[in-house]
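Here the structure comes first, spelled out in structure tokens, and everything after it is commentary.
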Amino acid sequence: TLTALQNLGMYARRRTSAKIIAVTGSVGKTGTKDALFHILSSQGQTTASEASYNNHFGVPLSLARMNADDKFGIFEIGMSQKGEIAQLSKLVQPHIAIITTIEAAHIEFFKNLKEIADAKAEIFRGLDKKGTAILNIDNPHFVQLQDTARKEQIKNIISFGSKKTANAKIISSTESTEGSDNEAIICGQRIRYGLN
């Protein structure tokens with residue numbers, strides 16, 4: 001059954017020319033995926049993983065549900081053990097890979113946070129070599145993740161966070177009962193946006 005599901009996912013991935021985004025990380029995967037879906041679905045037909053369908057069943061099922069004429073596909077990729085993300089990333093074949101952060105999630109299967117970071121970095125194995133890795137510069141494992149991406153021949157690496165050297169960073173955020181008014185610099189472009 002699993003092999004059949006993986007084959008369906010693989011076929012669905014091959015038949016689309018959509019821009020594919022894969023999201024992993026110890027926390028924030030579903031929120032990031034949902035925010036991307038909200039933004040991108042206003043720009044074109046978009047499929048995203050339902051709920052937290054991010055494991056060896058959920059990812060091929062989500063891929064199989066993708067429409068051939070989608071403009072965007074957003075897939076959440078999770079793991080509990082070493083090797084899982086590599087297999088799922090090769091199935092998804094993303095153009096963009098996002099690692100939200102590295103924290104002590106599923107620590108019972110790993111010796112330390114470095115091993116968790118290595119497991120999350122498996123997402124680069126399926127990433128298009130001309131694609132983009134988006135990484136959290138504030139996380140202590142940023143350099144480790146960046147080095148792994150480079151070893152996988154990923155040249156386009158974008159950082160986000162609060163450090164001055166981040167490619168995407170918040171400059172100001174003002175909160176009110178209505179939400180927040182924010183200003184950021186994203187890859188050299190200054191933007192303002194509100195969040196409810």
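The values are calculated or read from the model by the stated rules, or taken from the named source; none is laboratory data. This is a predicted model, so every value here is computed, not measured. Backbone-built Cβ (ideal geometry, glycine too); neighbour counts: all protein chains shown. Remember, those area values only see protein heavy atoms, side chains included, never the ligands or the DNA or RNA. Shrake-Rupley method; radii C 1.70, N 1.55, O 1.52, S 1.80 Å.
Report the local net charge at Asn182: Lys and Arg +1, Asp and Glu -1, summed over other residues whose C-beta lies under 14 Å from its C-beta.
That works out to -1.
Annotation: lysines with alpha-carbon distance below 19 angstrom to Lys111 (same-chain offsets under eight excluded): Lys82, Lys120. Heavy-atom accessible surface of the range 118-196, averaged per residue, reaches 62 Å², computed with a 1.4 Å probe. Across the protein chains, with a 1.4 Å probe defining accessible surface, the residues Asp70, Asp118 rank Asp118, Asp70 from largest area downward. Choose one of Ser26, Met10, Ser42: the residue whose Cα lies farthest towards the positive end of the charge dipole of the range 1-82 (beta-carbon charges +1 Lys, Arg; -1 Asp, Glu; about the Cα centre). Positive-most Cα among the choices belongs to Met10. Put simply, the amide H of Ile134, placed in the peptide plane, has neighbours under 5 Å in Ala97, Ile98, Ile99, Ile158, leaving out anything fewer than 5 places away on its chain. Dividing the mean sequence gap of close Cα pairs (under 8 Å, 6+ apart) by how many residues the range 117-196 holds gives a relative contact order of 21 percent.
For Thr46, the solvent-accessible surface with a 1.4 Å probe is about 20 Å², rounded to the nearest 10. Structural descriptor for the chain: relative contact order 17 percent, calculated from alpha carbon pairs under 8 angstrom and at least 6 residues apart. Excluding ligands, DNA and RNA, the accessible surface per residue across the range 17-76 is 44 Å² with a 1.4 Å probe.
For the set Val27, Val92, the ranking by accessible area, highest first and with no ligand, DNA or RNA atoms included, is Val27, Val92 under a 1.4 Å probe. Close amide H contacts of Gly25 (hydrogens built in the peptide plane, cut-off under 5 Å, sequence separation of 5 or more or a different chain): Thr100.
For Arg192 and Lys129, the difference between the fully extended length at 0.36 nm per residue and the C-alpha to C-alpha distance is 19.5 nm. Of the whole protein surface, Tyr11 contributes about 150 Å² of accessible area at a 1.4 Å probe radius. If both residues of a DSSP beta bridge must be in the chain, then about 40% of such bridges are antiparallel. Solvent-accessible surface (1.4 Å probe) assigned to Thr100 amounts to roughly 20 Å².
Counting only protein chains, not ligands or nucleic acids, how are Lys71, Lys169 ordered by accessible area (probe 1.4 Å), most first? Provide the component values of the computation, followed by the final result.
Details: Lys71 105, Lys169 50 Å².
Per-residue accessible area, sorted high to low, gives Lys71, Lys169.
Here the chain has 52 percent of its accessible surface on carbon and sulfur atoms, given a 1.4 Å probe and all protein chains in place.
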